[in-house]
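Below is one structure, written out as structure tokens; comments come after it.
Every read-out reported here was derived from the displayed coordinates using simple, explicitly stated rules and does not represent laboratory data. This one's a predicted model, so the numbers in the text were calculated from it and none came from an experiment. Methodologically, a virtual Cβ is constructed for each residue, glycine included, from the backbone with ideal geometry; neighbour enumeration extends over all protein chains shown.
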Amino acid sequence: MPDAEPETSNSNSDMIQYSSKAKRGKSALPGNVKPVLQLLEQDLRETNGKPYGRGWDSLGEVVTDQGETAMHCHLTYRFVAVWKLLLQAGKVVCRFLYVGSREKSPY
């Protein structure tokens, strides 16, 4: 999946990246959902991308439409986030593939 330059968070210990599609979805989220995504980012940094036991609704692995194994959870009833765990230079990178409505999610 070709993408433009990834958006990276300010954290040096672990990186959060967004594909161009996920970046567009993030910016289109309603104001009340954006803080929930920020909490997910924080939990992903603290748990190396697998925030089990932290109360995320429907957290688990999915297979995307492209056949990739990824993680996902519901931010709210209507909105979901899908991310892939990568290992880059010995560090876990959480790369969001999709952020948006669950009706249009890629799985």
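Assign unit charges at the C-beta atoms only (+1 for Lys and Arg, -1 for Asp and Glu), then state the dipole size of region 7-102 relative to its Cα centre in Debye, rounded to the nearest 20.
260 debye
In percent, what relative contact order does the chain have, based on Cα pairs under 8 Å that are 6 or more apart in sequence?
After rounding, I find 28 percent.
Report the dimensions of region 7-102 along its three principal axes from the alpha-carbon atoms, largest first, rounded to Å.
The principal-axis extents, from largest down, are 35, 29, 29 Å.
Could I have the simple spin-label model distance between Lys50 and Lys91, label points 7 Å from Cα toward Cβ, reported in nm to one decimal?
Each label point is offset 7 Å from its Cα along the Cβ direction, giving 2.1 nm.
Where does the chain land at 222 nm, in deg cm²/dmol rounded to the nearest 500, when only DSSP H runs of n ≥ 4 count, each adding -39500 (n - 2.57), divided by all residues?
Helix contribution divided over all residues of the chain: -6500 deg cm²/dmol.
Which far-off residues, 5 or more places away or on another chain, put their amide H under 5 Å from the one on Met15, with H placed in the peptide plane?
Amide H neighbours of Met15, under 5 Å, 5+ apart: Cys94.
Give me the net charge for the shell around Thr69: Cβ to Cβ below 12 angstrom, other residues only, Lys and Arg +1, Asp and Glu -1.
-1
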